[in-house]
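Novice: Provided herewith is a single structure, encoded as structure tokens, for subsequent inquiry.
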Amino acid sequence: MVIAVNVTGTTSGVKNNTTDPITSANGGTGATSNTATVTVASPPTITKAFGATDIALNQTSSLTLTITNPNSIALNGVAVSDTLPGGLVVATPNGLSNTCGGAVTATSGTSLVSLTGGAIAASSSCTLAVTVKGITPGPKVNTTGIITATESGPGTTSNTAGVTVHPITIDLADPAICLGPGGVVGVTATVTNAALSAQAINFTATLPPGLAAIPGTCASTVGTCSVVNSSTVTLATTLSPGQTATITYNAQLGDVPAGTTLCINSQVTFEGGTPVAVTACTTVNCPAAGPGVIFPSTSELNDQKAGSVLVYNIYTSSPSLPNLQNSAINMTNTHPQLSALAHIFFIDGTTCSLADKFICLSPNQTVSFLASDLDPGTTGYLVAVAVNENGCPINFNYLIGDEYVKFASGHAASLKAEAISALAGGLPLCDASSQTALLAFDNISYNALPRVLAADGIPDRANGNNTLLVINRIDGNFTEGGSPIGSIFGQLFNAEEQSHSFSFQTPNCQLVSTLSNDFPRTSPRFETVITGGKTGWMKFGGTADIALLGARINFNLNVGASPEAFNQGRNLHKLTLTRAARLTIPIIPPGC
């Protein structure tokens, strides 16, 4: 005889079942009984977690389900279904990782993650992980379904985790025509708090080498942002639920070749959590001036490179003798696509007063003009500053220049303009409301300027040489005039390396004087130091920390008769530098 019944385990564990002795109506009570054992399994448990609990809109996070078997026996047929909340879907690629066995459903772009037929060893755990993407903003609360197993049937365990999707954007606005060295990139970042409570946020933008954040340009609609240095912009504030902070700042391109891609990496933390990273990139697309490596803007000023400021060491003209004493000034915009605006200042070397003019150059254009046409009857030096449509100084290291100068005395030379580069991220704040701008030659805004100058190969006077020395002080407030040279100390050396010191003082902005027994005053005098058939050299600088530039021009009547006689000139050598020089210029919109 067989008796069968169904039993249900109401608690987990090993269940021992022993029958009572068997009795019968005609046989009485027997001694026979029997024992059977069955194990009742507990359902598996589940926990879940998002790898990042804050993400940006359209960014991803990992979702990990951890399933634990609490039993001393293996579980089979493990199954669970997880339907993602609205606005959260399985990413592409789905990043699937599974140690639970069985079959997993996790189709990219859908909201279902499920496991069937899984197997977990006794007292072990397994994981199922996928990558999910936030496609709508806001908090996303995700609860799994009930987990089951063949040995335990359905349990009551599910688990909940949450992720918040915040709208965060970064936009780079390049110059209208093309982006090249010196070009300014406008950066706009927005951060929205999509949580249901106020959140303390920390925003940090990290700029790559070659792209420098411009100090003083950062503004935010919430809180106060800061350009910490050329590569870092920060904002720390608190956003209410649904509130947006819009952060704007400017960055300037350095000496970066065409075709280079530069990326700004921005990170935001909410309540000190895992940083949310957003990246925006731009590509340098202005054509270079020619093949080869870019001439570095950080190279010290010289007359062989292009720059944003040009200094012409001498210009002159004579109203009565314009054919004998005059200067032809030349300026060229070497950029193949961008136009140039130059504010030109004519500094009277004697009075330090000035006149000014604007020159507008289209791409690849050169212009020439006579000093007698623009500033007749004046001897001095000329400074040209690259400016924008408001008249503010800009980084535009594409100007070159030179000049032909002649004096009624016979001195004549072709001199190149000294070029000074603007440096990325260093120019002062200036806009249409500014009255003046300060040009600092400090190796931060512009190249440093010379403090000590030298003239070598100074010829003797005994063989008819007449050397004209030109010294300029580059400093001053150009709304009023230039600064005087003041006191100079120097040394004159003969061919035997003997040194003879000298000093002089002048209230002028420019010194133009012939080297002779009268200047500079040495003991013994000039013609005794540099004797017939010999040459010498000299070096000099201000007794104060001032910036000087200059030139020397030689004239010899015997140039057609003697192989040792030469006419011409060149700019002076630079031996040491100063970072103290400053120019203040007026801000006037160009009339072109």
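Novice: Report the full-extension gain for the segment E496 to N517: residue separation times 0.36 nm, less the Cα-Cα distance, to one decimal in nm.
Specialist: 5.7 nm
Novice: Accessible surface of R570 in the full protein assembly, 1.4 angstrom probe, to the nearest 10 Å²?
Specialist: 110 Å²
Novice: Tell me, what is the per residue accessible area of segment 224-297 in Å², probe radius 1.4 Å?
Specialist: Numbers: 3430 Å² over 74 residues.
Per-residue value: 46 Å².
Novice: Can you match Rg/Rh (Cα atoms, Kirkwood Rh) to one of these, (1) 1.35; (2) 1.04; (3) 1.31, based on a calculation from the structure here?
Specialist: Matching entry in (1) 1.35; (2) 1.04; (3) 1.31: (1).
Novice: Could you tell me what a quarter of the Cα convex hull surface of segment 384-426 works out to, in nm² with one decimal place?
Specialist: On the way: hull surface 16.9 nm².
Over all viewing directions, segment 384-426 projects a mean Cα-hull area of 4.2 nm².
Novice: A follow-up question, please. Among the lysines, which fall within straight-line cross-link reach of K406, defined as a Cα-Cα distance under 27 Å, with same-chain neighbours fewer than 8 residues apart omitted?
Specialist: K305, K357, K416, K534, K539, K574
Novice: How many percent of Cα pairs in segment 277-318 exceed 12 Å?
Specialist: 76 percent
Novice: Under 5 Å between amide hydrogens, which residues at least 5 positions from A56 or on another chain qualify, with H placed 1.01 Å from N in the peptide plane?
Specialist: Excluding prolines and chain starts, which carry no amide H, the hits are H166.
Novice: Okay, next question. Please list, in order along segment 370-376, the HN-Hα scalar couplings obtained from phi with the Karplus expression 6.51 cos²θ - 1.76 cosθ + 1.60 (θ = phi - 60°), rounded to whole Hz, x for Gly and Pro.
Specialist: 3J(HN,Hα) across segment 370-376, in whole Hz: 9, 4, 5, 7, 9, 9, x.
Novice: Segment 439-496: D in µm²/s via Stokes-Einstein (Kirkwood Rh, Cα pairs, 20 °C, 1.002 mPa s)? Don't skip to the end; give the middle numbers.
Specialist: Values: Rh = 14.9 Å.
Approximately 144 µm²/s, per Stokes-Einstein.
Novice: Modelling each spin label as a point 7 Å along the Cα-to-Cβ direction, I'd like the L324/S299 distance in nm, to one decimal.
Specialist: 4.1 nm
Novice: Could you pull the Rg and Dmax for segment 201-296, using just the Cα atoms, both in Å?
Specialist: Expressed in Å, the Cα Rg and Dmax of segment 201-296 come to 15.8, 54.
Novice: Residues with amide H under 5 Å of K534's amide H, sequence separation 5 or more or different chain, H placed in the peptide plane at 1.01 Å from N; which?
Specialist: Long-range HN contacts for K534: D460.
Novice: Next question. What whole number of Å gives the distance from the Cα centroid of segment 392-441 to the Cα centroid of segment 240-306?
Specialist: So the two Cα centres are separated by 26 Å.
Novice: Right, next: For the chain, with all protein chains present and a 1.4 Å probe, just round the carbon and sulfur fraction of the accessible area to a whole percent.
Specialist: 52 percent
Novice: If you plug each phi of segment 478-490 into the Karplus form 6.51 cos²θ - 1.76 cosθ + 1.60 with θ = phi - 60°, what whole-Hz ³J(HN,Hα) values come out, in order, with x for Gly and Pro?
Specialist: These are the phi-based 3J(HN,Hα) values: 6, 7, 10, x, x, 9, x, 5, x, 8, 10, 10, x Hz.
Novice: Another question about this same structure. Based on the inverse mean of 1/r over its pairs of different Cα atoms, what is the Kirkwood hydrodynamic radius of segment 130-230, in Å?
Specialist: That comes to 18.2 Å for segment 130-230.
Novice: Please name which of V367, C100, T244 has its Cα lying farthest along the dipole of the chain towards the positive end, using unit charges on Cβ (Lys, Arg +1; Asp, Glu -1) and the Cα centre as origin.
Specialist: Most positive-ward Cα: C100.
The values are calculated or read from the model by the stated rules, or taken from the named source; none is laboratory data. The structure displayed is predicted, hence computed values, not measured ones. Every residue, glycine among them, receives a Cβ derived from its backbone with ideal geometry; neighbour counts consider all protein chains shown. Heavy atoms of the whole protein, side chains included, go into the accessibility calculation; ligands, DNA and RNA do not. Shrake-Rupley method; radii C 1.70, N 1.55, O 1.52, S 1.80 Å.
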